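Novice: Structure incoming, see below.
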Ligand code: SF4
């Protein structure tokens, strides 16, 4: 294949995104010098609105880790952590974060504060627990654990919601003591209102990708928007940014502009990207003019395209619901299947690409079966490639490119013979492609 | 007659096949050379030798498709395709009833589910590590001090194949040495080595549906011991012949004939100092 360069969308959105993220690092630096208090938080189903009520800045170790990787700076801190005794198969995000902490490396070169609280919002991934224990220890900062039960049933149970609400209220007390600031309930509700508007805009952006051609790539471009989504969601800056992004992309869609001069393939992406080779990976899709119309990774922080919004009238309960049920990491595996299936059908995709991350158990365990489910039960072409989201040593360019090219060659051939089906047709075409009724029961997606 | 070529530059060997079409398509000749350090040169040599074997002038070859890991290094190729597509196509040409291809090469092993017309329906490959590939066999041969071509036939003589528990290409050496130290016969050790790889390959292949009509391709298909070990683990016969080793290059040549289409342009052959095309 000829080397087509990815033409990601460049405009005001990108400029503003960069400014916002830079501003975030500046606020963190201010925090290190007596500015607003900082609180460490995990991305998965995060409760950033709670911090807004204190005027606190979120400190996301995952964002720092991925920023290091994307700037090709992750290997040094990973090696530093391994020298300390972290094992080869520990989550590489953890190693990059801890290693960077030890070596004093920061992604933007700005100073990072010692958080007033290391708040482990344990949602879905149990690596978080140990990660935040270590982070608290190394920074000599207090630690709080928010225990969010894993979602095993289709609907969250009332006891689970009450359990989380009760914990959130305890955290509020703890934060009042640690920051010396009073919990501002009005500001909290205002943050919920901002979040709901951001979620509405973000969700509409995602629904724009249902068009052919899609005006934005719901994996690679979505990742650009995810920083502001997690840092600024509960703030007026977040609202302004996402409403601008929506306008721009709507205009682009109205002009009928896609990612490439001609969109050839539409895929659903599963799994985090290989950040150390982000550009290289993107170019492998670009070579085939393939766009991601939807991705599960962009729903780690929250799953809003199916309708959930934070509710200013029930702020604590809706925070709990968000953490419990409306992010991909805390949902059960069959719900992830169904999420992808809906993307294929409603976002009109030709196939699925799974990027398996060697050091991330949470996302990757079971992806072999997932591949089997999509290819064999639903008859949807599904590619499986392996590397890592943070550790550059696991990326073998020639091997991954080979698999990608073979996958798209097969799709192209199928199209030339009229046997490639898109969207709902792709699934209906499968021999016996129905989910067993017992499984379907547990699968009901939450609205 | 329209003539086209496929060149498969693999990690250890380079294969080239020339096909001709007048009425039907047939294979005119084939060549095999070691890849070595100069990939570009290997591709050229393979191509020229296959031309000689076929009795065609290099200039009369209308289209060349490159495949294998070195495919982008073939300066005289018109286009490239992955060896996954090419092996499926080549295997289907050799055995039209092919529905599953097991390809074992120097550093790769893969299973491909193939449609009625030789198209790829699904595929799986071993990951980054060389466990369960030709490399593993080569290491075992080296430790035993036996030529690579002899290990297959020798393994067929195993009466009590040993149990090899590792599929790691590095650790298998110590496993073999300890069996030899225990006085096990080389054929029993080799029997165990072949079975270990066969089991690993079949468990990989089970991730695509293994439909009947299983064709084995790639360099390891010449190893009679491996064919038998795979048949034993699968519980069924494999389709394999002496051309199966060339299936990738053959598939590439078949795509080349197809792609040549109407725009037949003669004389695309250029020596390597010419600028790359495509
Ligand atoms: S294991 Fe995966 S989900 Fe968990 S912290 Fe690491 S990257 Fe994130």
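Novice: Tell me, please, whether a residue that is more than 16 Å from the ligand (Cβ to nearest atom) and either within 12 Å of another protein chain (Cβ to nearest Cβ) or in contact with a strand residue (DSSP E or B) (Cβ under 9 Å, 6 or more places away or on another chain) (or both) can be found in the stretch A:305-321.
Specialist: Yes, there is a match, as at least one residue in the stretch A:305-321 is more than 16 Å from the ligand (Cβ to nearest atom) and either within 12 Å of another protein chain (Cβ to nearest Cβ) or in contact with a strand residue (DSSP E or B) (Cβ under 9 Å, 6 or more places away or on another chain) (or both).
Novice: On to the next question. Based on what the data block shows, is residue A:303 free of Cβ contacts under 8 Å to residues at least 60 places away in the same chain and either within 14 Å of residue A:48 (Cα to Cα) or part of a loop (DSSP other than H, G, I, E, B) (or both)?
Specialist: The answer is yes for residue A:303.
Novice: State all residues of the stretch B:83-106 that are more than 10 Å from the chain's Cα centre (by Cα) and surrounded by fewer than 24 Cβ atoms within 10 Å (Cβ to Cβ); if no residue qualifies, say none.
Specialist: If the condition is that a residue be more than 10 Å from the chain's Cα centre (by Cα) and surrounded by fewer than 24 Cβ atoms within 10 Å (Cβ to Cβ), then B:93, B:94, B:95, B:96, B:97, B:99 are the ones that fit.
Novice: Filtering the stretch B:49-71 down to residues that are part of a helix (DSSP H, G or I) and touching a helix residue (DSSP H, G or I) at 6+ places or on another chain (Cβ under 6 Å), which residue is nearest to residue B:219 (Cα to Cα)?
Specialist: Applying the filter and picking the extreme gives B:51.
Novice: Okay, moving on. Looking at the stretch A:101-124, which of the residues that are within 16 Å of the ligand (Cβ to nearest atom) and either within 14 Å of chain B (Cβ to nearest Cβ) or farther than 17 Å from residue A:164 by Cα (or both) is surrounded by the fewest Cβ atoms within 10 Å (Cβ to Cβ)?
Specialist: Taking the candidates together, the pick is A:101.
Novice: For the stretch A:332-358, give me the residue count where each residue is more than 14 Å from chain B (Cβ to nearest Cβ) and within 16 Å of the ligand (Cβ to nearest atom).
Specialist: 3
Novice: Still on this structure: Out of B:156, B:144, B:148, which single residue is away from every other protein chain (no Cβ under 14 Å), surrounded by fewer than 22 Cβ atoms within 10 Å (Cβ to Cβ) and free of Cβ contacts under 8 Å to residues at least 12 places away in the same chain?
Specialist: Unique residue meeting the criteria: B:148.
Novice: Okay, next question. If you take the residues in the stretch A:384-394 that are more than 9 Å from chain B (Cβ to nearest Cβ) and touching a strand residue (DSSP E or B) at 6+ places or on another chain (Cβ under 7 Å), which one is surrounded by the fewest Cβ atoms within 10 Å (Cβ to Cβ)?
Specialist: A:385
Novice: Of all residues in the stretch B:100-122, which are more than 8 Å from chain A (Cβ to nearest Cβ) and assigned to a strand (DSSP E or B)?
Specialist: Matches in the stretch B:100-122: B:100, B:101, B:102, B:103, B:104, B:109, B:110, B:111, B:112, B:113, B:114.
Novice: Okay, next question. Provide a single number: the residues in the stretch A:201-214 that are surrounded by fewer than 16 Cβ atoms within 10 Å (Cβ to Cβ) and either more than 22 Å from residue A:256 (Cβ to Cβ) or in contact with a strand residue (DSSP E or B) (Cβ under 8 Å, 6 or more places away or on another chain) (or both).
Specialist: Total satisfying the criteria: 1.
Novice: Identify all residues within the stretch B:22-46 that are assigned to a strand (DSSP E or B) and touching a strand residue (DSSP E or B) at 6+ places or on another chain (Cβ under 8 Å); write none if there are none.
Specialist: B:22, B:25, B:26, B:27, B:28, B:29, B:30, B:31, B:32, B:33, B:34
Yes/no matrix, rows are residues, columns are (1) part of a loop (DSSP other than H, G, I, E, B); (2) more than 14 Å from every other protein chain (Cβ to nearest Cβ); (3) under 21 Å from residue B:147 (Cα atoms):
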{"residue": "B:166", "(1), (2), (3)": "yes, yes, no"}
{"residue": "B:183", "(1), (2), (3)": "yes, yes, yes"}
{"residue": "B:189", "(1), (2), (3)": "no, yes, yes"}
{"residue": "B:194", "(1), (2), (3)": "no, yes, yes"}
{"residue": "B:202", "(1), (2), (3)": "no, yes, no"}
{"residue": "B:215", "(1), (2), (3)": "no, yes, no"}
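Novice: Right, next: Of all residues in the stretch A:125-178, count the ones that are in a loop (DSSP other than H, G, I, E, B) and either within 16 Å of the ligand (Cβ to nearest atom) or within 14 Å of chain B (Cβ to nearest Cβ) (or both).
Specialist: Counting residues in the stretch A:125-178 that are in a loop (DSSP other than H, G, I, E, B) and either within 16 Å of the ligand (Cβ to nearest atom) or within 14 Å of chain B (Cβ to nearest Cβ) (or both) gives 5.
Novice: Also: Within 30 Å of residue A:410 (Cβ to Cβ) and within 14 Å of another protein chain (Cβ to nearest Cβ): is that true of residue B:135 in this structure?
Specialist: no
Novice: Please go through the stretch A:44-92 and give me each residue that is within 12 Å of the ligand (Cβ to nearest atom), in a helix (DSSP H, G or I) and surrounded by 24 or more Cβ atoms within 10 Å (Cβ to Cβ), ordered by number.
Specialist: A:61, A:62, A:65, A:66, A:69, A:92
Novice: Mind listing whichever residues of the stretch A:395-428 are more than 10 Å from chain B (Cβ to nearest Cβ), outside any helix (DSSP H, G or I) and in contact with a strand residue (DSSP E or B) (Cβ under 9 Å, 6 or more places away or on another chain)?
Specialist: Residues satisfying the conditions are A:420, A:422, A:423.
Novice: For the stretch B:72-91, which positions are assigned to a helix (DSSP H, G or I) and touching a helix residue (DSSP H, G or I) at 6+ places or on another chain (Cβ under 8 Å)?
Specialist: Those that are assigned to a helix (DSSP H, G or I) and touching a helix residue (DSSP H, G or I) at 6+ places or on another chain (Cβ under 8 Å): B:73, B:83, B:84, B:85, B:86, B:87, B:88, B:89, B:90, B:91.
Novice: Considering the stretch A:359-383 alone, what residues qualify as being more than 24 Å from residue A:412 (Cα to Cα), within 12 Å of chain B (Cβ to nearest Cβ) and in contact (Cβ under 8 Å) with a residue 40 or more places away in the chain?
Specialist: Listed by number, the list holds a single entry, A:367.
Each value in this text was obtained by applying a stated rule to the coordinates, not by laboratory testing. Keep in mind that what you see is a predicted model, and the values were worked out from it rather than measured. Backbone-built Cβ (ideal geometry, glycine too); neighbour counts: all protein chains shown.
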